[in-house]
Structures are given as C-alpha cells and as structure tokens.
1. Name the single residue that is farthest from Lys155 (Cα to Cα) among those in the range 88-108 being surrounded by fewer than 19 Cβ atoms within 10 Å (Cβ to Cβ) and among the β-branched types (Val, Ile, Thr).
2. Quickly run through the range 117-163 and pick out the residues that are in a loop (DSSP other than H, G, I, E, B), open to solvent by 40 Å² or more (accessible area, probe 1.4 Å) and in contact with a Phe, Trp or Tyr (Cβ under 7 Å, 6 or more places away or on another chain).
3. Which members of the range 176-197 meet the condition of being within 26 Å of Ala158 (Cα to Cα) and near ligand 2 (Cβ under 7 Å from one of its atoms)?
4. Looking at Arg274, Arg279, Arg319, which one is surrounded by fewer than 17 Cβ atoms within 10 Å (Cβ to Cβ) and within 16 Å of ligand 1 (Cβ to nearest atom)?
5. Residue by residue through the range 218-233, note down the ones that are open to solvent by 10 Å² or more (accessible area, probe 1.4 Å) and either within 12 Å of ligand 2 (Cβ to nearest atom) or not in a helix (DSSP H, G or I) (or both).
6. Regarding the range 191-214, can at least one residue be identified that is within 20 Å of Phe139 (Cβ to Cβ), open to solvent by less than 30 Å² (accessible area, probe 1.4 Å) and in contact (Cβ under 8 Å) with a residue 60 or more places away in the chain?
7. Give me a count of the residues in the range 27-55 that are among the basic types (Lys, Arg) and open to solvent by 50 Å² or more (accessible area, probe 1.4 Å).
8. If you scan the range 223-261, which residues turn out to be closer than 30 Å to Glu291 by Cβ and among the polar types (S, T, N, Q)?
Amino acid sequence: MRLLVTGGLGFIGSNFILSMLKTYQDLSVTNLDLITYAGNLENLLDVQDYGNRYTFIKGDITDKSLVNEVVSTKPDVLVNFAAESHVDRSILDASAFLKTNIIGVQTLMDCCREYGVKRFVQISTDEVYGSLGADDPAFVETNMLKPNSPYSASKASADLLARAYHKTYNMDVVITRCSNNYGPLQFPEKLIPLMITNAIQDQELPVYGDGLNVRDWIHVLDHCRAIDTVMRDGKSGGIYNIGGSCEYTNIDIVRLILTKLNKPFSLIKYVQDRPGHDRRYAMNAAKIHDELGWAPSIDFEEGIDATIKWYIENESWWRKIKSGEYLDYYEKWYGNLKK
Ligand code: NAD
Ligand code: TYD
C-alpha cells in the first residue's frame, strides 16, 4: 500500500506514520507537511531506519499546483491530518484555521478526484458536535453538528465538504471523529503536555474556569489503530466516532499529573475561562466497535504513566519548543486570561 499522509509532522500524524511503517512491511508513506509551529522534523527522526519506504515533502495543502504534483503519483490512500488544531489559537485568530482546515481539504479532495486516489480519509474531531450537559448521552455519528469554536467550526465545515464530495462525485471518503488524544510527541500547548511540562518546570498550571469541564481521553496509539481500521475496512461515505470511554474533569487530570510528579497542588492557578468553552465531550464508539471490531486497549493510568515518563526522558524535545514563538503565544493568550 502507498500512503500519502498530510500533516504527518504533528502529534497524531507522526505517531501514525511511525506505527504504520513498523506494523506493515509492504507499506510506504509520503508525508506532505508545511512545518508550521506545530510540525517538527524531529518527530520522525526514527523513520530513517525505513529507508525509501518514507519520503518527506515540505509544502502547503492549500497549494494546488504542489498538491497536484504530489497526488499525480497516485497513492492508494490519502490520510489528512494537516490542520490548525488548537482551540485557543483559533480564538486569537481564525484566519489560518479557515484556510488550512477548509480550503486545504477542498484542494486535497479535488486533486484526489482528478487522479483517482482510491480513498480519502479525513481526520476529524468530536468537537464538531458541540458540547454535552452532565447527563446527556455521549455523541453518536447522527448527532447534529453544533461547533462552538472557530477551530471546531472549520473542522465541521471540512466534514460537510467531505460528505458533499462523496454524494456529488461518488468519491470514496471516510471521516473519523476522535476524542481528546494524549501520548508522546504532543505539542505542549494542549492540556496534558502543558501541565506535565509546566509541573516539571515548577511553573503555574493554568486551569480554565472551575476546572470541571470534561474530556474523553484516548491514547494516541489507540486512535492510530482506529484510523488504520477505518482506512482499510470502513464503508465509503462512512463516519466513525472514536473514543476512549474515559471521561475526566480537567482538574482531576491536573491533580493526577501533579501527584505522579510529586509536585504540590499549590502550582494550580485558576484563570479566566476560555470563551465559548465546551463543557463536556463524550464519544459513543459503538459503531466502529460493532461494524469494524475496534476497541481502545490502553488503560488510562498506564498510558498517563508512560506519557509522563516520555516527557521526562525527552526534555530537550519540549524545551526547544517552549521558546521563541511559543513564549509570545503563551504571553498573549494567558496574559489575556489573567486580566
Ligand atoms: P498538530 O497541530 O500537532 O499537527 C498538525 C500538523 O499539520 C503539523 O505538522 C503542521 O505542520 C501541519 N500543517 C498545518 N497546516 C498545514 C498546511 N497548510 N499544509 C500542510 N501541513 C500543515 O495536530 P494533531 O493534534 O496531530 O491533530 C491532527 C489532526 O487530528 C487534526 O486534523 C485535528 O483536527 C485532529 N484531531 C486531533 C485531536 C487531538 O486530541 N489532538 C483529536 C481529534 C482529532
Ligand atoms: P485542549 O488540550 O486545548 O483540548 P480541547 O479544548 O480541544 O478539548 O484542552 C482540554 C481541556 O483543558 C479543555 O477543557 C480546556 C482545558 N485547558 C485548561 O484548563 N488550561 C489550559 O491551559 C489548556 C491548554 C486547556
């Protein structure tokens, strides 16, 4: 199988590429990534072991002539991870989100159609469904899309475009919607790596609002396995929820991390809430389980222990990231929240 992966230098894409190359000997990957602030060549240093089974191309998924050139090599499948992915940055400025997350998806799908790529896999998110109340049933695939942030609105738009290309052009499209991922190589602007690295540095741990928002956590490798399953066996036009059935409040996650690192709870700093902050996400993943036989396999406590260990052992990776542009973003965003 010849895979074209877009956005493969980010958190989930790099874990996906590594696990696919390791699992399948008869598979090769081309990775097209713009190397934005979130993309990191260091994430895939280990793929050198795979020789010519891995090719990297630097570029933008909204660049039609480049995408045409890359897709003209007729990969079997395109898996699109490329996106602006952080809600807080989308609140500061939505422009890049609309460009990459919507126009980028249109560009990729147009080129796939032109060159007859057999399948297009759009990596989406639970955030397209909006927010749940404490007693609401978990999201199912037939729920209405009710995005609340510029990020989730851009992802929902891409899902609708993908659906339209399937209906209009009979294009073979599958969409995965996953809950919050954690694991190695996650950029330290997201909750779990931010809290682990701030705690290691004895810096404040900024908790939004009352800290009682709930997320449904899944280890990134369980997500990667689910994507592989959907890519191979999902029904054309199908949408598949992926989740860990593992709901935690943010404050419980933060306390768990501090406890495991043997750091004091006094590092916790409640800050002003994120505007439009979704209260709760929870995924019903019965469809992918019943139709395709996938279920998560990594226990949360074990996954968190391994993730904390990874950040302790890879301090130079995240210390390099936590400089320059990152510090400007941090000051701008968290500075605003303290006002
Ligand atoms: P990330 O921000 O870590 O990585 C995004 C990658 O896309 C980076 O390598 C970046 O350089 C690349 N990229 C951005 N704009 C690009 C462009 N215009 N052209 C080419 N490459 C570009 O994101 P992630 O957390 O790995 O998420 C990957 C995908 O999974 C996203 O589509 C996201 O919406 C989705 N998702 C993420 C989560 C999560 O918890 N992180 C959960 C569900 C779904
Ligand atoms: P995040 O990792 O940004 O993922 P998402 O908002 O896409 O689910 O945030 C996860 C939760 O943690 C969310 O409820 C917001 C909260 N949060 C904080 O309380 N403090 C922080 O500094 C960050 C980044 C997130």
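The values are calculated or read from the model by the stated rules, or taken from the named source; none is laboratory data. Quick caveat, the model's predicted, so the values are computed rather than measured. Every residue, glycine as well, gets a Cβ built from its backbone with ideal geometry; the counts of neighbours run over all protein chains shown. Just so you know, the surface numbers come from the protein's heavy atoms only, side chains and all, with ligands and any DNA or RNA stripped out. Shrake-Rupley method; radii C 1.70, N 1.55, O 1.52, S 1.80 Å.
1. Ile91
2. Result: Asn143, Leu145, Lys146.
3. Hits for the range 176-197 are Asn180, Glu189, Lys190, Leu191.
4. Matching residue, one of Arg274, Arg279, Arg319: Arg274.
5. Correct list: His219 only.
6. Yes.
7. Within the range 27-55, residues that are among the basic types (Lys, Arg) and open to solvent by 50 Å² or more (accessible area, probe 1.4 Å) number 0.
8. Hits for the range 223-261 are Thr229, Ser236, Asn241, Ser245.
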